[in-house]
Amino acid sequence: MTATTTRPGTASASASEPAAVERRRPRLPFSPWHLLLAPLALVFAVPLVWLLLSSVMSNAEINRFPPALWPSGIDLGGYRYVLGNAMFPRWFVNSLIVSAVTVAANLVFGSLAGYAFARMRFAGSRVLMGLMLATMAVPFQLTMIPTFLVMKKLGLIDTLGALIVPSLVTPFAVFLLRQFFLSLPRELEEAAWIDGCSRLRVLWRIVLPLSRPALSTVAVLTFLTTWNDLTWPLIAINHDTQYTLQLGLTTFQGQHHTQWAAVMAGNVITVLPVLLAFLGAQKTFIQSITSSGLKG
């Protein structure tokens, strides 16, 4: 048998070759996923850009065929029509009240129910959890008439209460918060119990401050759903003083003539609170994850 000998510098040279090839390999200044996400973002941004451009067009430009892709000039007639409507501020306030109360109720009741399902064991808890999740598969069209009859019995039809009460707590909020509570370490709560804290105080002082990402997600999605809801207000509200923004914008569309410039301008104003809520929640997501003190 013949023994093979290698020169002392051969091993180090062969080991340094992959590192040199790695250094010579060109690297993108961004993630490769951006090559897929950037075109998708543009596709989703097109309707929003078109809405913004159409809001500063005249009705003649919007109705022209083929449609104009760029306004010939800035026409604020749609905004003047919308803001000049005496009921528009009332509709905005109604939407704000309904959305704010619904979000606050979902955060309170969803936290209490989610914590109970996550940490407390009682008879029938799994069955109740399964039944609650099953209701998420039931379409709103099946519960619309029973909900209307209940609201009628309560005397809430044609009031803002009819829009708030059915959404005081949702299965999605309870489920999402429960899943997040399960991911938190029990040691933090046990330490608080040893110090004499009650369950409610543990929830308020320990669990909820660590659950800001989940709370922000529930708040934004609940606000988005409530703010953009049209079907239920269309059924439960009759008088224009109780209209929400989405319901009020339908009055700009007539049987024979539609103020498209006003519709576009009204939708731009309607979208602004949603965008602000999302941007605010995005900052909260980052701050909560970096300051929660939990390591994944």
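In region 60-92, which residue that is touching a Ser or Thr at 6+ places or on another chain (Cβ under 9 Å) and under 10 Å from ALA262 (Cβ atoms) is least open to solvent (accessible area, probe 1.4 Å)?
GLY78
Restricted to region 181-198, and to residues that are assigned to a helix (DSSP H, G or I) and under 14 Å from LEU112 (Cα atoms), which residue is farthest from the chain's Cα centre (by Cα)?
LEU182
Report the residue count in region 36-59 for those that are open to solvent by less than 90 Å² (accessible area, probe 1.4 Å), under 30 Å from ASP240 (Cβ atoms), at pLDDT 85 or above and in a helix (DSSP H, G or I).
Total meeting the criteria: 6.
Could you tell me which numbered condition ARG201 fails, if it satisfies all but one of (1) assigned to a helix (DSSP H, G or I); (2) closer than 16 Å to SER99 by Cβ; (3) charged (D, E, K, R)?
(2)
Quick check on this structure: which one of GLY124, GLY155, GLY196 is open to solvent by 50 Å² or more (accessible area, probe 1.4 Å), more than 30 Å from ALA236 (Cα to Cα) and not aliphatic (A, V, I, L, M)?
Selected residue: GLY196, the only one of GLY124, GLY155, GLY196 that is open to solvent by 50 Å² or more (accessible area, probe 1.4 Å), more than 30 Å from ALA236 (Cα to Cα) and not aliphatic (A, V, I, L, M).
Picking from VAL169, VAL207, VAL138, which residue would you name as being aliphatic (A, V, I, L, M) and in contact with an Asp or Glu (Cβ under 9 Å, 6 or more places away or on another chain)?
When all the criteria are applied, what remains is VAL207.
Hey, can you tell me all the residues within region 149-180 that are within 26 Å of the chain's Cα centre (by Cα), modelled with pLDDT of 90 or more and either among the aromatic types (Phe, Trp, Tyr) or not in a helix (DSSP H, G or I) (or both)?
Scanning region 149-180 gives THR159, LEU160, LEU168, VAL169, THR170, PHE172, PHE175.
Is it true that some residue in region 232-239 is assigned to a helix (DSSP H, G or I), open to solvent by 30 Å² or more (accessible area, probe 1.4 Å) and not aliphatic (A, V, I, L, M)?
Checking region 232-239: not a single residue is assigned to a helix (DSSP H, G or I), open to solvent by 30 Å² or more (accessible area, probe 1.4 Å) and not aliphatic (A, V, I, L, M).
Yes or no, residue by residue, for (1) under 25 Å from VAL98 (Cβ atoms); (2) touching a Lys or Arg at 6+ places or on another chain (Cβ under 7 Å); (3) in contact (Cβ under 8 Å) with a residue 60 or more places away in the chain:
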site	(1), (2), (3)
ALA134	no, no, no
PRO146	yes, no, no
ALA162	yes, no, yes
SER167	yes, no, yes
PRO171	yes, no, no
ARG178	no, no, yes
ARG205	no, no, no
THR226	yes, no, yes
THR244	yes, no, yes
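Can you name the residue in region 131-148 that is open to solvent by less than 80 Å² (accessible area, probe 1.4 Å), under 16 Å from ILE235 (Cβ atoms) and among the hydrophobic types (A, V, I, L, M, F, W, C) and is also nearest to the chain's Cα centre (by Cα) among such residues?
PHE140
Of everything in region 184-204, what is basic (Lys, Arg) and farther than 16 Å from VAL108 by Cβ? Give them in sequence order.
To start, the set of residues in region 184-204 that are basic (Lys, Arg) comprises 186, 199, 201.
Matches in region 184-204: ARG186 only.
Taking region 199-225 as the region of interest, how many residues are open to solvent by 50 Å² or more (accessible area, probe 1.4 Å), closer than 15 Å to VAL274 by Cβ and touching a helix residue (DSSP H, G or I) at 6+ places or on another chain (Cβ under 7 Å)?
1
Would you pick out the residues in region 241-275 that are over 25 Å from LEU76 (Cα atoms) and either modelled with pLDDT under 85 or surrounded by fewer than 16 Cβ atoms within 10 Å (Cβ to Cβ) (or both)?
Within region 241-275, the subset over 25 Å from LEU76 (Cα atoms) is 241-242.
Listed by number, the list holds a single entry, THR241.
The values are calculated or read from the model by the stated rules, or taken from the named source; none is laboratory data. Because the structure is a prediction, the values reported are computed rather than measured. Methodologically, a virtual Cβ is constructed for each residue, glycine included, from the backbone with ideal geometry; neighbour enumeration extends over all protein chains shown. Protein only, heavy atoms only, side chains kept; ligands, DNA and RNA dropped before computing areas. Shrake-Rupley method; radii C 1.70, N 1.55, O 1.52, S 1.80 Å.
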